[in-house]
1. Yes or no: the stretch 234-247 includes at least one residue that is over 25 Å from Lys151 (Cβ atoms) and part of a loop (DSSP other than H, G, I, E, B).
2. Inside the stretch 208-231, can you point out the residues that are more than 14 Å from Phe267 (Cα to Cα) and modelled with pLDDT under 95?
3. Which fully enclosed helices (runs of 4 or more DSSP H) of the stretch 1-119 have 1 or more residues being of a type in the set (D, E, K, R) and at pLDDT 85 or above?
4. Residues in the stretch 197-206: is at least one over 14 Å from the mean Cα position of the chain (by Cα) and hydrophobic (A, V, I, L, M, F, W, C)?
5. Looking only at residues in the stretch 78-96 that are in contact (Cβ under 8 Å) with a residue 40 or more places away in the chain and closer than 18 Å to His281 by Cα, which one is surrounded by the most Cβ atoms within 10 Å (Cβ to Cβ)?
6. Six or more apart or on different chains, Cβ atoms under 6 Å: show the pairs whose first residue is in the stretch 265-290 and in contact (Cβ under 8 Å) with a residue 60 or more places away in the chain and acidic (Asp, Glu) and whose second is part of a helix (DSSP H, G or I) and exposed (fewer than 14 other Cβ atoms within 10 Å of the Cβ).
Amino acid sequence: MDGFPSKQSLALYRDLLDELGAVINRASDKAALMRYIKEKKIDLIHAHSSLTYPLAKTLAGRMRIPYVITCHGLGLNKPENRPYLRDARAVICISPRVAGTVRSYAKNVSIIPNGVDLQEFRPDVKSGPVKIAFVARIDHRKQRGYEQFCKAVDLLDNVEFYIASNKTSPSKTARHLGWTNEVASLLAKTDIVAGTGRAIMEGLAAGNAAVVIGQTYQGILTPEKAANKQFLDVSGLAGRNVCYRTIFYDLAGLVKNRPYLRQLQKFGRKLAAEKFNIKIHATRVIQIYKEVTG
């Protein structure tokens with residue numbers, strides 16, 4: 001790893017890392033890494049960041065073992081990354097969209113979406129006014145969607161609005177929680193989650209109706225939209241232009257129709273169990289390990 005985790009983040013996982021006997025080395029400190037692994041039997045290297053692709057290839061070559069790459073997002077098909085993608089024994093992508101950008105340069109491409117721990121993210125009692133959670137890291141591409149969503153929620157009556165984000169919003173009604181990775185307790189009690197990617201998956205697992213909004217507005221995730229789809233698109237890239245009016249009408253419909261909201265919440269939990277169960281995804285990753293190591 002380079003540049004992460006911070007001391008604050010590391011503190012969150014220190015007990016788990018100690019329990020696993022895990023050691024963290026900076027990717028730039030190759031000498032320390034080589035000293036650590038010199039006496040160990042390593043069968044495979046798995047790189048999760050383009051910052052560590054060169055190191056994975058170098059170490060795999062020295063140790064004469066295979067390496068695997070995971071592509072967690074778009075933009076990894078740059079010329080400087082192509083030799084690492086080409087020589088990896090397997091490449092795992094988190095979505096068909098990501099896979100489509102690297103297939104020309106990689107062999108043995110598999111699609112395994114991000115997973116959710118269904119024990120950590122689970123519904124709690126949902127009572128009182130409808131609670132809406134917007135969970136997202138905001139950059140310039142998502143800024144308009146963020147602002148339009150907040151504008152729509154501010155027009156609603158009798159709701160509670162929570163924002164877990166790296167940027168404050170213009171909302172006059174929201175409770176700003178700042179950016180945090182610890183959202184399980186929040187999502188357990190909310191009724192509607194908005195955002196993209198992992199936030200949507202975790203919100204579904206916690207029994208929320210989901211509104212997919214990022215660079216575009218994909219709207220409410222319904223059983224009809226999810227039907228017969230092997231891989232769900234919750235990227236916030238495949239929708240229409242963002243407009244607060246459309247968002248307001250969608251949210252107002254959910255707030256007023258509690259029975260339908262409850263149906264979507266039950267559907268969300270079931271969908272997460274079927275599509276995003278981290279145990280199932282981990283099993284698929286292990287199978288790829290077995291295949292590439294013979």
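The values are calculated or read from the model by the stated rules, or taken from the named source; none is laboratory data. Bear in mind that the values here come from a model prediction, so they are computed numbers and not experimental data. Every residue, glycine as well, gets a Cβ built from its backbone with ideal geometry; the counts of neighbours run over all protein chains shown.
1. No, the stretch 234-247 contains no residue that is over 25 Å from Lys151 (Cβ atoms) and part of a loop (DSSP other than H, G, I, E, B).
2. Asn228, Lys229, Gln230, Phe231
3. Values: elements: 7-20, 30-37, 53-63, 82-87, 96-102.
Filter on the stretch 1-119 gives 7-20, 53-63, 82-87, 96-102.
4. Checked against the condition, which is being over 14 Å from the mean Cα position of the chain (by Cα) and hydrophobic (A, V, I, L, M, F, W, C), the stretch 197-206 yields at least one hit.
5. The qualifying residue surrounded by the most Cβ atoms within 10 Å (Cβ to Cβ) is Ile92.
6. As it stands, the answer is none, since no pair meets every condition given.
Table: residues versus (1) crowded, with 16+ Cβ neighbours inside 10 Å; (2) outside the structural domain of Gly207 (by TED's automatic domain parsing).
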{"residue": "Pro123", "(1), (2)": "yes, yes"}
{"residue": "Ala136", "(1), (2)": "yes, no"}
{"residue": "Asp139", "(1), (2)": "no, no"}
{"residue": "Phe149", "(1), (2)": "yes, no"}
{"residue": "Phe161", "(1), (2)": "yes, no"}
{"residue": "Ser171", "(1), (2)": "yes, no"}
